[in-house]
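The values are calculated or read from the model by the stated rules, or taken from the named source; none is laboratory data. Please read these numbers as outputs of a predicted model, since none were measured by experiment. Here the Cβ is made from the backbone with ideal geometry for all residues, glycine too, and neighbour counts use every protein chain on show. With ligands, DNA and RNA removed, areas are computed over all heavy atoms of the protein, side chains included. Shrake-Rupley method; radii C 1.70, N 1.55, O 1.52, S 1.80 Å.
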There are 2 protein chains.
Amino acid sequence: MTELRENVERYWRAAEARDWTAFAGTLAEDVVYVLPQTGERISGRERYVRFNREYPGDWHARIERVVAGPPDQVVTWVRCTVGEEEMDALSFFTGDASGRISTVTDFWPEPYEPPTGREHLVERS
Amino acid sequence: MTELRENVERYWRAAEARDWTAFAGTLAEDVVYVLPQTGERISGRERYVRFNREYPGDWHARIERVVAGPPDQVVTWVRCTVGEEEMDALSFFTGDASGRISTVTDFWPEPYEPPTGREHLVERS
């Protein structure tokens, strides 16, 4: 579990540094990446590294929170910036027996206007 | 940490059962609820229970994954359904010294069309 957590922290550091060799080293060979919002799935380390290496834009990722718990699960909340734009990325990781990342399920929530009818309960920043 | 995890599981069961007394019992009196996507914030147990009690629609929540880790953090990934519509809710919890929920940060990611240019790497479900 600690190994998975360390690998996940290394994964984000390597992505931020564009160090694709170090990034690949955190992944199981049969890693599966899933984006539930688009229904996309990428299978295998080689393809997944390529997906990240080819990802357009001068993006930067800063870890906001890491939660690691049994059995073999880690969640990260990351702030990603591309120029002036800032987004949250929420990633659910599972690991293999050696602590390498075997699945990544990524969510990218976007801003939206709140529904009316609850102004009496909320403040807005 | 275990107490916080138990409280978080009780929180979802109580919400699903519309048992607002049990729901309130999982929360610290000064609980803060944050929705980063809308910039909304709700402060205090009474208001937050009321927000949930008044939330419109015949919604149902089913826990997909729980990750609980030190120090005092729990994340849930919940599938919410309202009629035919299904959504993921991702919630980051922190607890107070007695294991009651002191902050909830909720994300509601929505489906989107994938950008072009990565079809050579992905499958779609």
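Points to keep in mind about this one:
- Number of the exception - A:PHE92 against (1) part of a strand (DSSP E or B); (2) open to solvent by 30 Å² or more (accessible area, probe 1.4 Å); (3) touching a strand residue (DSSP E or B) at 6+ places or on another chain (Cβ under 9 Å): (2)
- The residue that is most open to solvent (accessible area, probe 1.4 Å), counting only those in segment A:101-125 that are touching a residue at least 40 places away in the same chain (Cβ under 8 Å) and within 7 Å of chain B (Cβ to nearest Cβ), is A:TRP108.
- Filtered by the rule that a residue be open to solvent by less than 20 Å² (accessible area, probe 1.4 Å) and either in contact with an Asp or Glu (Cβ under 6 Å, 6 or more places away or on another chain) or in contact (Cβ under 8 Å) with a residue 60 or more places away in the chain (or both), segment A:78-89 gives a lone residue, A:VAL78.
- Subset tally (residues that are within 7 Å of chain B (Cβ to nearest Cβ) and within 16 Å of A:TYR33 (Cβ to Cβ)) for segment A:75-100: 3
- Selection from segment B:1-26 of residues that are farther than 17 Å from B:VAL78 by Cβ and within 15 Å of the chain's Cα centre (by Cα): B:ALA24
- Count of residues meeting criterion [over 17 Å from B:PRO109 (Cβ atoms) and within 13 Å of the chain's Cα centre (by Cα)] in segment A:74-92: 1
- Picking from residues in segment A:1-45 that are without any contact (Cβ under 8 Å) to a residue 12 or more places away in the chain and not in a loop (DSSP other than H, G, I, E, B), the one that is surrounded by the most Cβ atoms within 10 Å (Cβ to Cβ) is A:ILE42.
- Top-ranked residue in segment A:46-64 [being open to solvent by 50 Å² or more (accessible area, probe 1.4 Å) and either closer than 19 Å to B:ASP88 by Cα or part of a strand (DSSP E or B) (or both); ranked as nearest to the other protein chains (Cβ to nearest Cβ)]: A:GLU64
- Every residue from segment B:67-87 that is touching a strand residue (DSSP E or B) at 6+ places or on another chain (Cβ under 6 Å) and farther than 16 Å from B:GLU16 by Cβ: B:VAL67, B:ALA68, B:GLY69, B:ASP72, B:GLN73, B:VAL74, B:VAL75
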